[in-house]
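For reference, the structure discussed in these notes is given below.
Every read-out reported here was derived from the displayed coordinates using simple, explicitly stated rules and does not represent laboratory data. Computed from a prediction, not measured in an experiment: that's the story for all the values here. Quick reminder, even Gly has a Cβ in these numbers, built from the backbone with ideal geometry, and neighbours come from all protein chains shown.
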Amino acid sequence: MLKKIIIFLITIPIIVGCSAAPSIEEIRAVWVSYIDYTQILWGKSFSEFEASVDEIVDNCVEYNINTIYLHASAFTDAYYDSDYYPTQYVESQIGADLKYDPLEIFIEKAHAKNIRVEAWINPFRSFDQKKMETVPDSYIVKKWVNEGNRNVIFYKDRYYLNPAYEEVHDLILNVVSEIAQNYDIDGLHMDDYFYPDHVDESFDKLDYMVSESDLSLEDWRRNNVNELVEKIDKTLHKIDSDLWFGISPAGNLEYSRESIFGDVEKWVEEEWVDYIAPQIYFGYTNKSRPYAATLQQWSDVVKGTDVQLIVGLGAYKINQENGNSDDEEWIEDSQILMKQIQDAKSASNYAGYALYSYHSMFRAEADDVQAVMSQLEDIKSLSE
């Protein structure tokens, strides 16, 4: 009941089709990632962590941000009390008797100020080898590693869950279920870590052969991911039909489809997601993916469906040199984010925007903090 009251206070419902989740007037979101946790959680006392969460929530209120995409699982780990993944926050405990739940605290404090929280998970990316050695043998992923089970594969620099197997899907669905059942979240948010970037045949050639699929290797991989997306949609909305389910794919649609095998157009066509939040982290002058054309491409993807578009914007690029063709624009144009939001509002099924990331926006130690704050003030003015 508390969740429904909070949602009502910050939302304006509109009529939707098959999409399970209601819409709100405008999503204004920020990603709070595991990188933020390294600063506010690890090695901190409970009172220090609680004060940091208060500061994050207050900053969101100050700049009219109404949604937090909060990392609940980044590397088959958990920033909450999980039965399936090892809890990362154990590393931060000071004293044997100290134990608290970061997800629970974030939700409580955010909801108290009418801010939605969607639990953010990375489905298949797991630990690097050094970290895996520290994971207790009792956890299922570690058991698979010790057994040499094909459910988990070491590829290049880390382990990955293998999307080809039902046992892997079941594990991820169990994680989704325990989060949705045990926490007062407003939705589930999934990042674009599916197959490893530009993965070669060695990763799963054996699994593909064993499957005896009539599909090509590429289509088979996409189908493996599609099956999980459909299962998450059904699992989550069976638990609570009001929960949002969204995925944030790479801003390059072709890269998502061909390199990491995220078949976004299929998810939208089948309406397995309530929204997509493509990471359109490009300036207007970007030579390969100019913002205006890329925004239009994503607008076309959702057009004619009930899937909503939340435009992911690269706040981390403000006043930064990243070696990209649009660096000059991000340094010299003091209103680029405001312009991008204004343009996004005309896109098909526009539901809001999301800024990556909290750390980038409120990096007090940075030399360019004034430039960042200036753009945040401009964005704030759009929603007042």
At a 10 Å Cβ-Cβ cut-off, how would you order 65, 280, 40, fewest neighbours first?
40, 280, 65
Under 19 Å Cα to Cα from residue 238, which lysines show up? Leave out anything in the same chain fewer than 8 places away.
3, 4
About its Cα centre, what dipole magnitude does the range 284-349 give when the only charges are +1 on Lys and Arg Cβ and -1 on Asp and Glu Cβ, stated in debye to the nearest 20?
280 debye
Using +1 at the Cβ of each Lys and Arg and -1 at the Cβ of each Asp and Glu in the range 32-184, identify which of 59, 172, 106 lies farthest towards the dipole's positive end.
172
Mean residue ellipticity at 222 nm from the helices of the chain, using -39,500 (n - 2.57) per DSSP H segment of n ≥ 4 over the full residue count, to the nearest 500 deg cm²/dmol?
-12500 deg cm²/dmol
Listed residue (27, 301, 279) projecting farthest to the positive dipole end of the chain, Cβ model
27
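Shape call for the range 135-176 from the C-alpha gyration tensor, a ≥ b ≥ c root eigenvalues: rounded (a/c under 1.5), prolate (a/b greater than b/c) or oblate?
oblate
Explain nothing, just the number: dipole magnitude of the chain about its Cα centre with +1 on each Lys and Arg Cβ and -1 on each Asp and Glu Cβ, in debye rounded to the nearest 20.
260 debye
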Given backbone amide H placed at 1.01 Å from N, residues whose amide H is under 5 Å from that of residue 354, ignoring those fewer than 5 places away on the same chain, are 29, 311, 312, 313
Taking amide H positions as placed 1.01 Å from N in the peptide plane, with prolines and chain starts having none, which residues 5 or more places from residue 116, or on another chain, fall under 5 Å of its amide H?
67, 68
Once the Cα gyration tensor of the range 304-384 is diagonalised, what are the square roots of 5 times its eigenvalues, in whole Å and ordered largest first, as equivalent ellipsoid semi-axes?
24, 14, 12
Applying a 10 Å radius around every beta-carbon, put 306-312, 112-118, 146-152, 252-258 in order of their mean neighbour count, most first.
306-312, 112-118, 252-258, 146-152
Is there a pair in 131/234; 339/380; 131/156 whose C-alpha atoms are over 22 Å apart, and which pairs would that be?
131/234
For 242, 263, what ranking results if the residue with the fewest other Cβ atoms within 10 Å of its Cβ goes first?
242, 263
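Within a 10 angstrom radius of the beta carbon, how do 237, 189, 111 rank from fewest other beta carbons to most? Write out the running numbers ahead of the final one.
Values: 237 19, 189 28, 111 22.
Ordered from fewest to most neighbouring Cβ atoms within 10 Å, 237, 189, 111 come out as 237, 111, 189.
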What are the ³J(HN,Hα) couplings of the range 324-335, residue after residue, when phi is run through the Karplus curve with 6.51, -1.76, 1.60 and θ = phi - 60°? Round to Hz, x for glycine and proline.
9, 5, 9, 4, 4, 4, 5, 8, 8, 8, 7, 10
Report ³J(HN,Hα) in whole Hz for each residue of the range 160-174, in order, from the Karplus equation J = 6.51 cos²θ - 1.76 cosθ + 1.60 where θ = phi - 60°; Gly and Pro get x.
9, 5, 8, x, 6, 10, 4, 4, 5, 4, 4, 4, 5, 5, 5
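DSSP beta bridges in the chain, what fraction antiparallel, as a percent rounded to 5? Let's see the in-between values first.
Values: 6 of 40 bridges.
Of all bridge pairs located within the chain, approximately 15 percent are antiparallel.
What number, in percent, do you get for the relative contact order of the range 209-278 if the mean sequence gap of Cα pairs under 8 Å and at least 6 apart is divided by its residue count? Write out the running numbers ahead of the final one.
Details: 60 pairs, mean separation 27.0, N = 70.
For the range 209-278, the relative contact order is 39 percent.
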Dipole size in debye (nearest 20) for the range 106-252 around its Cα centre, Lys and Arg Cβ +1, Asp and Glu Cβ -1?
500 debye
Added length on full extension, which subtracts the Cα-Cα distance from 0.36 nm per residue, residue 238 to residue 270:
9.8 nm
In terms of modelled amide H atoms, which long-range or inter-chain residues lie less than 5 Å from the amide H of residue 308?
275, 276
How big is the chain in terms of Cα radius of gyration and Dmax, in angstroms?
20.3, 58
Using θ = phi - 60° and the Karplus relation 6.51 cos²θ - 1.76 cosθ + 1.60, list the HN-Hα couplings for the range 312-321 in order, rounded to whole Hz, with x at every Gly or Pro.
x, 10, x, 4, 5, 8, 4, 6, 10, 9
